[in-house]
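Laboratory data are not the source of any read-out in this text; all were calculated from the coordinates shown. Model, not experiment: these values are computed from the prediction. As a convention, Cβ positions derive from the backbone with ideal geometry for all residues, glycine included, and neighbour counts pool all protein chains shown.
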Amino acid sequence: MKVIGVDVIRGSVRSRSRRPTYAFVLFVDGEILEETEVTRFRLLRRLSEERPEILAVDSLQELAADQHELYALLQAMPPGTRLVQVTGGERLESLAQVAGRYNIRFNRLSPYDEARTIARVAALGSGAEVIAFENTSEIAVTRHRSPGRGGWSQNRYVRKIHGAVRQKAREIEAELVAAGVRYTKQETRAFGGTSRVVFELPVPRDKVPVSTYHGADVQVRITGKRLERIRFRPLTGKPRYLIVGIDPGTTTAYAALDLDGNLLAIRSSRQLTMADLVEELTRVGRPLVIASDVREMPFSVEKIRRSFSAVAYTPKSDISVEAKLEAARPFPYSNDHERDALSAALEAHRHYTNRFQSLMRRIPAGVDLDEVRAGVVRGLSLEQVMEGLRVRPPAPVPAPSPAAPEPPLDEGGERVRFLEGQNKRLRALVQEYQEERARKDRELARIEARFKRARSRVAAKVQESAEIASRDAEIESLRGRLRREEKSVRRLKRRVAQLRRFEEGRLDPTGVPIKVLDSFTRDAVRHLFETLGIQAGDLLYVAKTDGWGRTSVRDLADLQVRALVLNVPDLSAVDPQLVALCREYNLPLVAGGEVGVQVQGLLGRVETERLATAEGAWEAGQETHRRKEQEAMLVGVLREYQSERGREVRRGG
């Protein structure tokens, strides 16, 4: 068997700046052939070259950051290579625990030592295989290049590509027919041939008799149908050995430990029959020791032990309540019955602990420690167990139960009567077993029918509830969108009506329409710009001049508005600094009391003649302001010239 074990040396798949590198170990038939350091890209290349049976890791998080990346990784791996997580599937263990079951020790600080250990335990059958695809595959034959816009020979070029796709699809179809694989085919016809052909096969990817292909014009991709959820399948179906403590009675309880003393299952119930108990323990593992907390094992516990052919353990004396409390304190339990069952299992494990520890020093690394311990518990010597593990003989046929001593051969009549009586008893026993089996089969069929009906009802209710919840959520979402859209429509209708009124006001020769600005702030300017808009040549009415600033004046001047009509009787009531700033930016100011302002909502109007008079007065003042600025500039230049001449005269004298 060829196994590749990997472990992260540095970096992480979640890091964008520091991509991971791995310790790579090639393990073939019990020998390490190669150890090196590889990147993720190089790892995929080596998998394609070596095509091992198993790629083993101790955690899937070292290879993929999420489920999407894991699907992509499994798709990129060779079809015959299985991805195995040696620390388990849904229920994880540490690598040290897994290696301990094979008496393997390693340096946890060395990635190469961990990779060697991962490969060895995977080759021994430890871990769970990652199952991500169904037993259905898809072969897609498509173009490997785009036809593009083309030129003089575009049609010949397209026919060549589509003809190559069709020819490759026919070759693949012939291979599938020759291999006897059923398939369904979907074709997308195109000019000169076929642009895409998809084959669906009811076989897994490793059973597809076709390989991927990348040519000049055609490419062939083989993909599996993804499962909705990643599943795990143990590499070996061998159940784990258990030490089980049972507390019978009106309420039956059991506790199951593995041979290392880890609690695997604990439960108690009034409806737990012996058959249910046997079934649940079989699902957990393989009971090796059945223990009781009293000196004399109860008959019901003895029946369970016989059904598993397990080793019985009873304490030398009944376990006291104080000892039970002390033993069960580190473990979770719900009632006294579970505590009693747990204490019985712990007492049995404690009885074998010293023997198990001595075995670990005597057996070599790489041997299944659980098999050795199970054989020793059953009464075999260590040499016998090791010899059996090396030879692996077929399972012995159970010897028949010892019969009663036969009479001498010369007593023919007595022998015949003895055999006839024994045959009669055996037939009666067989008949009894058959009747009991038929009765249990009928009961099982009745229970399965009830379970099926109940599951159907529950599934129907769950589906109905899910559909109702989904539709309610969708309806609520659509209602919210509808409310928002209706609100937006109303807002836009108001804006359209206001704009229509404003445009109609432009046609009136006796008045000029104005837009109302609530206050002289940037927020108010932005709000008016978003609702009615501010265009060059608009006349704005400022209701409040409080909060004005240089930015607001500059923004309105950049928008090239016609003038600002202030809510004042005349300009003498306006802040002189605001007037000076508006004159600096050439933004006309008009007093509302001088132009006869009429405001309604966000729109209004002023008288045309009075507005012209006020604008003329502002322009006259602006001309005077410009003249004063020019005079001040000339005076400043003259003074600077006189000062410069005075300095030259003083230097000359």
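Tabulated values for the structure
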| read-out | value |
| --- | --- |
| Nearest-0.05 FRET efficiency for Met1 and Gln67, computed from C-beta distance (R0 45 Å) | 0.95 |
| Shape call, region 89-186: gyration tensor on alpha carbons, a/c limit 1.5 | prolate |
| Extension reserve of the Asn262-His144 stretch, reckoned as 0.36 nm per residue once the Cα distance is removed | 36.9 nm |
| Phi to ³J(HN,Hα) by Karplus 6.51 cos²θ - 1.76 cosθ + 1.60 over region 443-449, Hz, x for Gly, Pro | 5, 5, 5, 5, 5, 5, 5 |
| From phi via Karplus (6.51, -1.76, 1.60), per-residue ³J(HN,Hα) for region 616-626 in Hz, x at Gly/Pro | x, 4, 5, 5, 5, x, 5, 5, 4, 5, 5 |
| With Cα atoms, 0 to 90° folded angle of helix 40-50 axis to the chain main axis | 40 degrees |
| Distant-in-sequence amide H partners of Phe232 (H built 1.01 Å from N, under 5 Å) | Ile131 |
| Rounded to the nearest 20 debye, dipole of the chain from Cβ charges on Lys, Arg, Asp, Glu | 1720 debye |
| Entry for Cα extents along the principal axes in Å (calculated from the structure that is shown) out of [x] 83, 66, 40; [y] 159, 78, 77; [z] 82, 81, 55 | [y] |
| Helix 522-531 vs. the chain, principal-axis angle (Cα, 0 to 90°, nearest 10) | 80 degrees |
| Reach of Lys185 by Cα under 20 Å, taken over aspartates and glutamates that are not fewer than 8 positions away in the same chain | Glu134, Glu138, Glu171, Glu173, Glu175, Glu200, Asp206 |
| Restraint check, Lys168/Lys207; Lys207/Lys461; Lys324/Lys440, Cα-Cα greater than 30 Å | Lys207/Lys461; Lys324/Lys440 |
| Sum of -39500 (n - 2.57) over DSSP H runs of 4+, divided by residues of the chain (222 nm, nearest 500) | -16000 deg cm²/dmol |
| Two-site label geometry, Ala460 and Ala536: point separation in nm, points 7 Å out along Cα→Cβ | 7.4 nm |
| Label-zone membership for region 74-117, site Thr353, 7 angstrom Cα→C-beta point, backbone N under 19 Å | 97, 100-101 |
| Long-range HN-HN contacts of Leu264 with modeled amide H, under 5 Å | Ala256, Leu257, Asp258 |
| Of Lys238/Lys316; Lys303/Lys452; Lys515/Lys544, pairs whose Cα-Cα distance is over 23 Å | Lys238/Lys316; Lys303/Lys452 |
| Segment Lys303-Glu474, extension gain: residue separation times 0.36 nm, minus the distance between their alpha carbons | 55.8 nm |
| Distance (nanometres) between label positions extended 7 Å along Cα→Cβ at Val496 and Ala323 | 9.2 nm |
| Separation of the Tyr641 and Glu432 label points, Cα + 7 Å toward Cβ, nm | 14.1 nm |
| Student exercise, region 508-635 dipole from Lys, Arg, Asp, Glu Cβ charges, in Debye to nearest 20 | 180 debye |
| Stretch gain in nm, segment Ala617-Thr251, where the contour uses 0.36 nm per residue and the Cα spacing is subtracted | 121.2 nm |
| Net +/- balance of residues flanking Gly30 in space, Cβ distance below 13 Å, scoring K and R +1, D and E -1 | +1 |
| Size of electric dipole in region 63-210: Cβ of Lys, Arg +1 and of Asp, Glu -1, about Cα centre, debye, nearest 20 | 840 debye |
| Packing-based ranking, highest mean first, of 262-268, 635-641, 327-333 given that Cβ atoms within 10 Å are counted | 262-268, 327-333, 635-641 |
